[in-house]
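Since the structure comes first, as structure tokens, the remarks are kept for the end.
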Amino acid sequence: HFYSNNIQDSFLELGQFIAQGKDPDEIEPLDRPVYNQVFADITTTFTILIGIFFPSVTGIMAGSNRSGDLADAQKSIPIGTICAILTTSTVYLSAVLLFAGTVDNLLLRDKFGQSIGGKLVVANIAWPNQWVILIGSFLSTLGAGLQSLTGAPRLLQAIAKDGIIPFLSPFAVSSSRGEPTRALVLTILICQCGILLGNVDYLAPLLSMFFLMCYGFVNLACALQTLLRTPNWRPRFKYYHWSLSFFGLSLCIAVMFMTSWYYALLAMGMAGCIYKYIEYRGAEKEWGDGIRGLALSAARYSLLRLEEGPPHTKNWRPQILILSKLTSDLVPKYRKLFAFASQLKAGKGLTVCVSVIRGDYTRGVGEALAAKQSLRRTMDDEKVKGFVDVLVTHNITDGLSHLIQTTGLGGMKPNTVILGWPYGWRQSEDDKTWQVFLQTVRNVAAARMALLVPKGINFFPDSSEKVVGNIDIWWIVHDGGLLMLLPFLLKQHRTWKNCRMRIFTVAQMEDNSIQMKKDLKMFLYHLRIEAEVEVVEMMDSDISAYTYERTLMMEQRNQMLRELRLNKKESLGVVQAIVDHHHNADVKTATKVRFQEPGKDTKEGKDGEKEDADESHDEENKEQSEENPNSTKSGGEGSEKSKKMPAITPDEGNVRRMHTAVKLNEVIVNKSHEAQLVILNLPGPPRDTKLERESNYMEFLEVLTEGLERVLMVRGGGREVITIYS
């Protein structure tokens, strides 16, 4: 009879009377006198019942908490834990069945035993006397409390000793007898706070959350270690399988939200805050963590995915390699290079800072480590996220070449190099000052990487500053769109955010400047880049040295702008096709493009160079006739003119180049003397490594940028980096 009455649920709302059925007339107060009715002091549901009951079975980790006191923890903990679970489960389940079969339904739901004078039901039916139950309950409760007071302080002391949570370090101290006295005092204070609440039913669900989170994280750690195949994860329990851990984790999370979703969220929030604090302030320990293993697996997976092919133009972003020069104190000579990279990295991506030390690696290991730490500190100070590396080699140029070739891993390889300008090359008695620079430029070009050479780097703004003014781009040669993309990326950083972009392009006298300006505006409109456009007209002879072997590239740029003269509907889909159409020719031409050097001193040198130049122009004209059969008359005349240009004597060549540099510099200084940053094309270095020709090239760049405070010289990597598609 008792079983049939007690098998159904009888959950009530707060304030309802305890009655045999669920008739509202019997359980609702209905503004009538209460008399001696027994009513529910809290709203009861199955999930609340789980939350209240669960703390009574939370001794499952007691053995683990005292593992330091066990002689053979690996053997004792599994046996003890499984036996404890079986024993307590048998006792609790049998008690439930026995109560259901021996106690009346109404009395069983009388929480405080008000109907029998406030006594315990089990004490009334105990044999031989009620004191057996009362004393037993007292001792059981006292034992559980003492168990907590012995296990919890030791666990707290272990956490403090490991230095996981720094502010707990005072509790790592033990007494003269080896007892964790301070941790014990803190544990007692926390217990007293719970007692002062006055109602255990309010505290039990929150305690259940922390226990469930503890068990859930243990399950998660075991599953992750197994799935990641961590070499040091070698469980001794042979019946273990990772699916059991995931099942346990799922049960823990389900019970948390079944019991109380707001308590569950509160407990998760507190655990998240503790974890982030440990991550931010906690000391690293020799046992590591599972999250790091998960991160390594994710990184490996991502790197393998990146190997599937090169990124699309719309996903291109500068993955920067900073070639940093060190002082004798192993400190970066130009810190502003890092600030500039940080400002450019508003576009995200990879940053690797490298440096080369001259010497023997076996003797210079300590010096290399010190240099690495110095670079890392500088990157942290300038808030540059990335990696550092230092190479020790006997030859600086070879070392830089090796770094350019090998830096990176898989698809995460740098595509853009930032190289400092050799400021003292004129005064230096050592010719290697600019030879290292020029050879590095050649190596970067050979690796098909973009090159950024900031000149006047010490005048560049810090990342904490804000500049207002113009960023001027001198678009003399279309170089993959890098000149357009760089200022856009810089403007994403707060330092350059308030600057306006101005694009200047150089036109020859026979070009239609008005139409060129109109077409360039249309091009920028489709690129969704806001910038002012200005066309500067110059005589062909004024820019001959800069564009002598880039005639085809100039014509391609003009042709690209001409073909933009389509109606708005057509042009939207055609702009990218035009850029792609000319890109192949750019790649072919880029391998032949170089700064025009004077003829060699010997007859053989002159003939060889002339033959090479003629062959180069024949190929260019052939490509142009194939790709642009309808090119304008002026373009054809320009190509024919460059083809028929006679051999130049050394003096005339020097004069012509200096004339070009002076004229261009006059125009640039006139238009951009107040600009916050001037970005222009970097001409290709001479292929001939003779001292005189390299010196002339450096002089050309000095004259070209004279009078400009901040200059960024840019050379593309031979591919399009900007597109009209989002």
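Look at the dipole of the range 1-147 built from charges on Cβ: of Thr43, Ala126, Gln114, the Cα furthest out on the positive end belongs to Ala126. Ligands, DNA and RNA left out, the 1.4 Å accessible surface of the range 1-99 is 65% carbon and sulfur atoms. Protein heavy-atom accessible surface, 1.4 Å probe, per residue over the range 176-238: 70 Å².
To the nearest 0.05, how large is the calculated FRET efficiency for Ser297 and Asp25 if R₀ is 60 Å and r is the Cβ-Cβ distance? Using R0 = 60 Å, I get an efficiency of 0.40. Among the listed pairs Lys333/Lys413; Lys455/Lys491; Lys161/Lys372, those whose Cα-Cα separation exceeds 23 Å are Lys333/Lys413; Lys161/Lys372. In order along the range 3-20, phi translates into HN-Hα couplings of 4, 5, 6, 8, 6, 7, 6, 9, 6, 10, 8, 4, x, 6, 7, 7, 9, 5 Hz, rounded to whole numbers, per the Karplus curve 6.51 cos²θ - 1.76 cosθ + 1.60 with θ = phi - 60° and x for Gly and Pro. Accessible surface for the range 319-392, divided over its residues, is 48 Å² per residue with a 1.4 Å probe. Coupling constants for the range 335-341 follow from the phi torsions by the Karplus curve (6.51 cos²θ - 1.76 cosθ + 1.60, θ = phi - 60°), and in residue order they are 5, 5, 4, 5, 4, 5, 4 Hz; glycine and proline get x.
The mean accessible area for residues of the range 1-120, using a 1.4 Å probe and ignoring ligands and nucleic acids, is 68 Å² per residue. Apply the Karplus curve 6.51 cos²θ - 1.76 cosθ + 1.60, θ = phi - 60°, to the phi angles in the range 694-700 and return the couplings in whole Hz, x for Gly and Pro. With coefficients 6.51, -1.76 and 1.60, one gets 5, 5, 4, 5, 4, 5, 4 Hz. Accessible surface of the range 187-266, 1.4 Å probe: 73 percent of it comes from carbon and sulfur atoms. Placing pseudo-labels 7 Å out from each Cα toward the beta carbon at Leu369 and Glu537 gives an inter-label distance of 6.7 nm. Between the amide H of Thr351 and those of Ile320, Phe387, distances stay under 5 Å, these residues lying 5 or more places away or on another chain, with hydrogens modeled in the peptide plane.
Compute the FRET efficiency between Tyr92 and Arg305 as 1/(1 + (r/R0)^6), taking r as their Cβ-Cβ distance and R0 = 51 Å, and round to the nearest 0.05. That pair, Tyr92 with Arg305, gives E of 0.50. Based on alpha carbons, the Rg and Dmax found for the range 31-112 are 19.4, 65 Å. For the range 71-90, the residues whose amide N sits under 16 Å from a probe point set 7 Å from the Cα of Ser56 along the beta carbon direction are 85-90.
The values are calculated or read from the model by the stated rules, or taken from the named source; none is laboratory data. Owing to the predicted nature of the structure, the values given are computational and were not obtained by experimental measurement. Heads up, the Cβs are rebuilt from the backbone with ideal geometry, glycines too, and the neighbour counts pull from every protein chain shown. For the accessible areas, the whole protein counts, side chains as well, though only heavy atoms, and no ligand, DNA or RNA atoms are used. Shrake-Rupley method; radii C 1.70, N 1.55, O 1.52, S 1.80 Å.
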